[in-house]
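S.K.: I'd like to ask you about the structure that follows.
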Amino acid sequence: PVNVSTVAAGDFTVNGLPASSFTFSNGNATITFHFNTSPVTVQGPQAMHIAAGSMLRQSDGMGIFDFTCSFCYAVTPLQVVSTVPAVGGTFTPPAPGNYNYDINFNQPVDAASVQDSDLMVSGNSGPSVTGHSLLNGNMTVRFTLHMNFGGMLTASLGVGAITANSCNGNAVFTGNYT
C-alpha cells in the first residue's frame, strides 16, 4: 500500500501528460489514474511513467521505484487481406523455379520491420525465401520464393512479425498452396 498523502494526480503521466485525478482501492495498494482528455492522440508507440520516489510506501516510508512502460495504440490491427496466388492456389509454371508471392495487408507496413525470415515456408516442394520487396505504397510485401519440386507449400507469418505504425504487429497468418 501507498501512503495516500504522498500521491498526486500528476505523478502518473502518459506521453508526458499528467493525469487529472486518481482513486484508491484494494487497501490503497491500487491507484487508478483518470484523464479528463485522452493523452493518446496518435496511433503508434505510447509511454507511461511514474518517477522513482514520487510516492512513498505505507509500510516503511521508502519511495517507490521508477515505473516506465510503453504500449502501442492502433485503431485497426494489422492483418493479411489476400495473397497472390490466393490461399489454396497454385504457383506456376511447375517447379523448379523462383516465384513471386505477394502478401497484401489492410494498411501500409513499416519497411524496416520486414525481413526475409518473417515468412516461414515449409512443405514437400522444398521451399525457401530468397528475398523481398515492398509495393503498392507498402501495402504489399512481395517475397521471392524458390521451390525445388512440385508439391505442397505452407506459408506463415508469426504474430507480430511485421508492423505498421512502428508497433502494430500483424495478426498470425497461414496459407496452403500447391
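The values are calculated or read from the model by the stated rules, or taken from the named source; none is laboratory data. Please read all numbers here as calculations on a predicted model, not as lab measurements. Counting neighbours? That spans all protein chains shown, and the Cβs are built from the backbone with ideal geometry, glycine included. Side chains are part of the model used for accessible areas, which takes the heavy atoms of the whole protein and leaves out ligands, DNA and RNA. Shrake-Rupley method; radii C 1.70, N 1.55, O 1.52, S 1.80 Å.
S.K.: Answer yes or no: is there a residue in the stretch 159-174 that is over 16 Å from the mean Cα position of the chain (by Cα) and more than 29 Å from Gln43 (Cα to Cα).
M.R.: Among the residues of the stretch 159-174, not one is over 16 Å from the mean Cα position of the chain (by Cα) and more than 29 Å from Gln43 (Cα to Cα), which makes the answer no.
S.K.: State which residue pairs qualify: first residue surrounded by fewer than 10 Cβ atoms within 10 Å (Cβ to Cβ) and inside the stretch 62-81, second residue at pLDDT below 95 and not in a strand (DSSP E or B) in any location, beta carbons under 9 Å apart, and separation of 6 or more residues or different chains.
M.R.: Pairs that qualify, where the first residue is surrounded by fewer than 10 Cβ atoms within 10 Å (Cβ to Cβ) and the partner is at pLDDT below 95 and not in a strand (DSSP E or B), are Val75/Gln43.
S.K.: Spot the failing condition for His49; the list is (1) under 30 Å from Gly160 (Cα atoms); (2) in contact with a Phe, Trp or Tyr (Cβ under 8 Å, 6 or more places away or on another chain); (3) open to solvent by 40 Å² or more (accessible area, probe 1.4 Å); (4) part of a loop (DSSP other than H, G, I, E, B), and only one is missed.
M.R.: (4)
S.K.: Right, another one. Of everything in the stretch 99-126, what is farther than 29 Å from Gly44 by Cα and touching a Gly at 6+ places or on another chain (Cβ under 9 Å)? Give them in sequence order.
M.R.: Selection gives Gly123, Asn124, Ser125, Gly126.
S.K.: From Gly160, Gly169, Gly150, which residue is in contact (Cβ under 8 Å) with a residue 40 or more places away in the chain and either surrounded by fewer than 16 Cβ atoms within 10 Å (Cβ to Cβ) or not in a strand (DSSP E or B) (or both)?
M.R.: Gly150 is the lone residue from the list that is in contact (Cβ under 8 Å) with a residue 40 or more places away in the chain and either surrounded by fewer than 16 Cβ atoms within 10 Å (Cβ to Cβ) or not in a strand (DSSP E or B) (or both).
S.K.: Name the residue that is nearest to Ala86 (Cα to Cα), counting only residues in the stretch 110-147 that are open to solvent by less than 40 Å² (accessible area, probe 1.4 Å) and part of a helix (DSSP H, G or I).
M.R.: Checked the stretch 110-147; the qualifying residue nearest to Ala86 (Cα to Cα) is Asp118.
S.K.: Provide a single number: the residues in the stretch 1-27 that are touching a helix residue (DSSP H, G or I) at 6+ places or on another chain (Cβ under 9 Å), of a type outside the set (A, V, I, L, M, F, W, C) and open to solvent by 60 Å² or more (accessible area, probe 1.4 Å).
M.R.: Count: 1.
S.K.: Go through the residues of the stretch 61-69 one by one and say whether even a single one is of a type in the set (A, V, I, L, M, F, W, C), touching a His at 6+ places or on another chain (Cβ under 7 Å) and not in a loop (DSSP other than H, G, I, E, B).
M.R.: Yes, the conditions are met somewhere in the stretch 61-69.
S.K.: Moving on. Restricted to the stretch 30-44, and to residues that are at pLDDT below 95 and open to solvent by 60 Å² or more (accessible area, probe 1.4 Å), which residue is nearest to Tyr73 (Cα to Cα)?
M.R.: Gln43
S.K.: With the condition kept exactly as written, say whether any residue in the stretch 45-52 is farther than 20 Å from Cys72 by Cβ and not aliphatic (A, V, I, L, M).
M.R.: No, the stretch 45-52 contains no residue that is farther than 20 Å from Cys72 by Cβ and not aliphatic (A, V, I, L, M).
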